[in-house]
C-alpha cells in the first residue's frame, strides 16, 4: 500500500477540495452544491480515506478503536459544552464571540470526524453535567466560570491526545489525524488561557484556579532522560513551559468523569 | 509495518531526487495557491488569518557554500527538528536584540518567553542527538525588517505555524515511542505560540486557530519534511539535504 497516496488524499480532503469544488459549483456545473454541503461531506471523505487505509470498519485494531472512542468522549464533552454555551443565553463579551464560535466549530467537526471513522463502533454520547456536580453552578450564566471550565477542557484535551499518541504508532494515518487535532486543542487552550489572564503556556504545574489534577506533572524538567535545566541557562519555570506533559487515560477519565451526569 | 516501508522507501532516495521532489511540491503548492487566490466564494467566512507566505521575507540568499545532511530515519527527523528549532531560536534572539519600535511590556514578555522556549528546544535536541547532531546553522534574516512590528509578528507567526505543521507531519516517522511523545510535548507548545502570535496579529477574531492552518475537519494541516525544508530554505545559509520524505 502506498501510504503517501493516502496521506495526499487526506490532505486533499480539506478546504482545498472544498474550495475547488465550490469553484466548480459556481461555474454552474453543480449549482446545487454549496460550500456548506461540501464541507458537510468532508468528514465522510476523510473517513473513507482512513477506512481504505485500514480496511472496512472492523479493520481498525481494538487499540485504535479504544483510543478513538476515548478521544470521541472528550470531543463529545467539548462540543456539547460549547454548543450549550452558544445557546444557553450565556453573555459572552462581543469581542470573544468569534473566538468561541471558532472553537465550537472545531469541536463539532472533531466529533463528526471521529464518528465517521469509527462508524458503528463509535460510542454514544453520554449525558453531561457541566456544573460537575455543583462545583461550577453558574457555568452557563457566569462568563468567568465558563471560561475557566473551557480552559480545563482544552488543557486536559491537549494532554489526553498526547498521552495516546504512542498507542497509534502502528496506525500512521490515524496518528497524523490525532496529532492534527492535538495542536488545534493547544491553540484553543493558549487563547482561552490568555483570555483568563494567564500565559498561553503552562508554567510549572500552576493550576490557575482549576483542579490541580489537570496540571499534575506539568513541572517535569527532564526529557528523554536528560535534565533540561542547565542546558541553556534558562530558569526552571521556562523549562517547564517549553514542554507540555502527558496525562494517562485514567488521569483524564478521573478529570472528565466529574462532568458526566451521575444518574 | 506500513510505516516501516514508508521510512525505508524515503530513506533510499538520493538527495538529488529529494531536491527535485521539493521543487515539485513547492511548485504544486504555488499553483494551488494561485487558483485559490483567484476565486473568492461569496458564502465563505472570510478568515482574518492570511495565506502563509514566508517567501516575501526572503533576503537575497547567497548561502555559505556548506551543505548539511540531516540524515534519514528517526535521527534524520530529530535533526530536522533541531534545524527548525535553531532557526526559531535565532529568530527570537534577533527580535530581542533589536526590539521593534513600540514593543510594549506584554509583547516583550511574550517574545522573551518564546526565545527561551525555542532556545531550550534547540539545546535539548542538541543534547539528545549527541554526536549525531548536525552543526550549528547560520540564519539569513537579511530580508526581514526587525524594526517593524507587523513584520516581526508576521514572520514569527509563520515560523510557528510552519513548525506545528512540521512536527505534525513528522510524527508518523517516529517509531520510538519516547521520541514521538517528546515531539508531542514540543509541538503543542509551538501551537500555543502560534495561537498567541496570531491573536497578537489579528486580535479578537478566529485567527488563533484560523482557517488557514486548520481545515474544514478541524484538523491542522500538516506538512512533510520536504515541503517544510523548502519553506525555510531562504532563511538558512547552509543548504540542507536529507533522506526524509519530500
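The table for this structure:
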{"item": "Selection count, segment A:236-257, where residues are within 10 Å of chain B (Cβ to nearest Cβ) and touching a helix residue (DSSP H, G or I) at 6+ places or on another chain (Cβ under 8 Å)", "result": "8"}
{"item": "Unique residue being facing another protein chain (nearest Cβ under 8 Å), part of a helix (DSSP H, G or I) and either under 17 Å from residue A:184 (Cβ atoms) or in contact (Cβ under 8 Å) with a residue 12 or more places away in the chain (or both) when the list is B:155, B:187", "result": "B:187"}
{"item": "Hits in segment B:213-224 - residues which are facing chain A (nearest Cβ under 7 Å) and either buried (at least 23 other Cβ atoms within 10 Å of the Cβ) or without any contact (Cβ under 8 Å) to a residue 40 or more places away in the chain (or both)", "result": "B:214, B:215, B:216, B:217, B:218, B:219, B:220, B:222"}
{"item": "The listed residue being surrounded by fewer than 20 Cβ atoms within 10 Å (Cβ to Cβ) and either under 16 Å from residue A:260 (Cα atoms) or within 17 Å of the chain's Cα centre (by Cα) (or both), out of A:77, A:135", "result": "A:135"}
{"item": "Those residues of segment B:200-212 which are crowded, with 24+ Cβ neighbours inside 10 Å, within 23 Å of residue B:56 (Cβ to Cβ) and facing chain A (nearest Cβ under 8 Å), in sequence order", "result": "B:208"}
{"item": "Filtered residues of segment A:93-132 (kept if surrounded by fewer than 16 Cβ atoms within 10 Å (Cβ to Cβ) and assigned to a loop (DSSP other than H, G, I, E, B))", "result": "A:93, A:123, A:124, A:125, A:126, A:127"}
{"item": "Residue in segment A:150-160 that is touching a residue at least 40 places away in the same chain (Cβ under 8 Å), buried (at least 21 other Cβ atoms within 10 Å of the Cβ), within 9 Å of chain B (Cβ to nearest Cβ) and part of a helix (DSSP H, G or I) present", "result": "yes"}
{"item": "Residue count for segment B:118-135, restricted to those that are over 22 Å from residue B:57 (Cβ atoms) and without any contact (Cβ under 8 Å) to a residue 60 or more places away in the chain", "result": "11"}
{"item": "Residue that is more than 25 Å from residue B:135 (Cβ to Cβ) and under 12 Å from the mean Cα position of the chain (by Cα), where the choices are B:209, B:194, B:227", "result": "B:194"}
{"item": "Candidate set: segment B:89-106, residues that are away from every other protein chain (no Cβ under 13 Å) and touching a residue at least 60 places away in the same chain (Cβ under 8 Å); chosen: the one farthest from residue B:170 (Cα to Cα)", "result": "B:95"}
{"item": "Segment B:89-106 - residue that is over 18 Å from the mean Cα position of the chain (by Cα) and in a helix (DSSP H, G or I) and, of those, surrounded by the fewest Cβ atoms within 10 Å (Cβ to Cβ)", "result": "B:105"}
{"item": "Residue B:71 being in a loop (DSSP other than H, G, I, E, B), more than 30 Å from residue A:171 (Cα to Cα) and touching a helix residue (DSSP H, G or I) at 6+ places or on another chain (Cβ under 9 Å)", "result": "no"}
{"item": "Qualifying position, being within 10 Å of chain A (Cβ to nearest Cβ), in a helix (DSSP H, G or I), at negative phi and surrounded by fewer than 22 Cβ atoms within 10 Å (Cβ to Cβ), among B:179, B:167", "result": "B:179"}
{"item": "Pair list, Cβ under 8 Å, 6 or more apart: segment A:101-112 residue within 8 Å of chain B (Cβ to nearest Cβ) and under 14 Å from residue A:180 (Cα atoms), other residue assigned to a helix (DSSP H, G or I) and at pLDDT below 95", "result": "A:109/A:43"}
{"item": "From B:119, B:109, B:86, residue being in a helix (DSSP H, G or I), within 18 Å of residue B:170 (Cβ to Cβ) and out of contact with any strand residue (DSSP E or B) (no Cβ under 6 Å at 6 or more places or on another chain)", "result": "B:86"}
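The values are calculated or read from the model by the stated rules, or taken from the named source; none is laboratory data. Since the model is a prediction, treat every value here as computed from it, not as a measurement. Cβ atoms come from the backbone with ideal geometry, glycine included; neighbour counts cover every protein chain shown.
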